[in-house]
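A.B. asks: Structure incoming, see below.
The values are calculated or read from the model by the stated rules, or taken from the named source; none is laboratory data. Since this is a predicted model, take the numbers as computed values, not measurements. Neighbour counts are summed over all protein chains in view; Cβ atoms, including those assigned to glycine, are modelled from backbone coordinates with ideal geometry.
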């Protein structure tokens, strides 16, 4: 009897140690599968829409843009169970507390982040900048109004929060300076299991961004839960830092970097990163090696820089 009790005790101890890890691995695999399936459904649905801009009205007294985008646009190409306006986001399962990718807490999320500009303050107002280099005489600018969010539930049980820009512009890959904000048409923050938990970015919570009003570009980058390093001085060093952190990770492309800027509040509670590296190289007269792109996480602009060095930018790697 003593031997049996000892064996049961040992089994219990081993189970207590290993079970949380096994459960966590199962959850991670399940979330990853659900995330990829959701991205595939959204990509297919959004491709069927004639255009992503122009839905609803947006003036000083009446803002129906995001809600109309869902009811008159997405609902025609995607199976939707329930639609909620900005005042009733929790009715669609949107959690009120979200843990960011880097461990911060977004408290009272459904009340504090119920518009595009509260979700990302740089999506409100007007910005302009005079070009430099080969585009020195060009002024890059945009003017945008804030919009209320909306939400809906899918037939698969996901809760989706929608931020919408009804006046989004085509994606044009400038060779100088450009802003991310006017190119973002719709941004979706999803919770794969409603408000059940853990309500953590990178686990059950993530984001999908649609760019370009016609022939939309849909991206869903999954950033690693920490930066690879404080910064890197050139593109080759940045790529090496990603491989060292996770062999399956890579630098974001231009569209994925736009999505990361749009969702900066989900990555971390503050916007202290100045600029992050892209994994994109373009031919340029700036030097014989060409140039690469980086994304400002504090203002939203994208700009090219010398491939061999120049800026000392943050490295934030992603996985598909």
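A.B. asks: So, of the residues in the stretch 34-48 that are over 18 Å from the mean Cα position of the chain (by Cα) and assigned to a helix (DSSP H, G or I), which turns out to be farthest from residue 190 (Cα to Cα)?
C.D. replies: 47
A.B. asks: Select from the stretch 58-103 the residues that are crowded, with 20+ Cβ neighbours inside 10 Å, more than 30 Å from residue 214 (Cβ to Cβ) and in contact with a helix residue (DSSP H, G or I) (Cβ under 8 Å, 6 or more places away or on another chain) and list them in ascending order.
C.D. replies: 95, 98, 100, 101
A.B. asks: Within the stretch 269-291, can one find any residue that is over 19 Å from residue 250 (Cβ atoms), within 16 Å of the chain's Cα centre (by Cα), in a strand (DSSP E or B) and modelled with pLDDT of 60 or more?
C.D. replies: no
A.B. asks: Those residues that are within 17 Å of residue 190 (Cβ to Cβ) and in contact with a helix residue (DSSP H, G or I) (Cβ under 9 Å, 6 or more places away or on another chain), I need them from the stretch 250-263; list them, please. Reasoning before the result, please.
C.D. replies: We begin by selecting, within the stretch 250-263, every residue within 17 Å of residue 190 (Cβ to Cβ); these are 256, 259-260, 262-263.
Of everything in the stretch 250-263, those that are within 17 Å of residue 190 (Cβ to Cβ) and in contact with a helix residue (DSSP H, G or I) (Cβ under 9 Å, 6 or more places away or on another chain) turn out to be 260, 262, 263.
A.B. asks: Another question, then. Exactly one condition in (1) crowded, with 17+ Cβ neighbours inside 10 Å; (2) under 24 Å from residue 168 (Cα atoms); (3) at pLDDT 95 or above is false for residue 153; which is it?
C.D. replies: (2)
A.B. asks: On to the next question. Being more than 21 Å from residue 147 (Cβ to Cβ), out of contact with any strand residue (DSSP E or B) (no Cβ under 6 Å at 6 or more places or on another chain), surrounded by fewer than 24 Cβ atoms within 10 Å (Cβ to Cβ) and touching a residue at least 12 places away in the same chain (Cβ under 8 Å) is the requirement here; does residue 243 meet it? Working first, answer last.
C.D. replies: Details: more than 21 Å from residue 147 (Cβ to Cβ): yes; out of contact with any strand residue (DSSP E or B) (no Cβ under 6 Å at 6 or more places or on another chain): yes; surrounded by fewer than 24 Cβ atoms within 10 Å (Cβ to Cβ): yes; touching a residue at least 12 places away in the same chain (Cβ under 8 Å): no.
So residue 243 does not fit the description; no.
Each row is one residue, and each column tells you yes or no for (1) touching a strand residue (DSSP E or B) at 6+ places or on another chain (Cβ under 8 Å); (2) surrounded by fewer than 21 Cβ atoms within 10 Å (Cβ to Cβ); (3) in a strand (DSSP E or B); (4) at pLDDT 95 or above.
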{"residue": "187", "(1), (2), (3), (4)": "yes, no, yes, yes"}
{"residue": "196", "(1), (2), (3), (4)": "no, yes, no, no"}
{"residue": "206", "(1), (2), (3), (4)": "yes, no, yes, yes"}
{"residue": "210", "(1), (2), (3), (4)": "yes, no, yes, yes"}
{"residue": "215", "(1), (2), (3), (4)": "no, yes, no, no"}
{"residue": "218", "(1), (2), (3), (4)": "yes, no, yes, yes"}
{"residue": "226", "(1), (2), (3), (4)": "no, yes, no, no"}
{"residue": "231", "(1), (2), (3), (4)": "yes, yes, yes, no"}
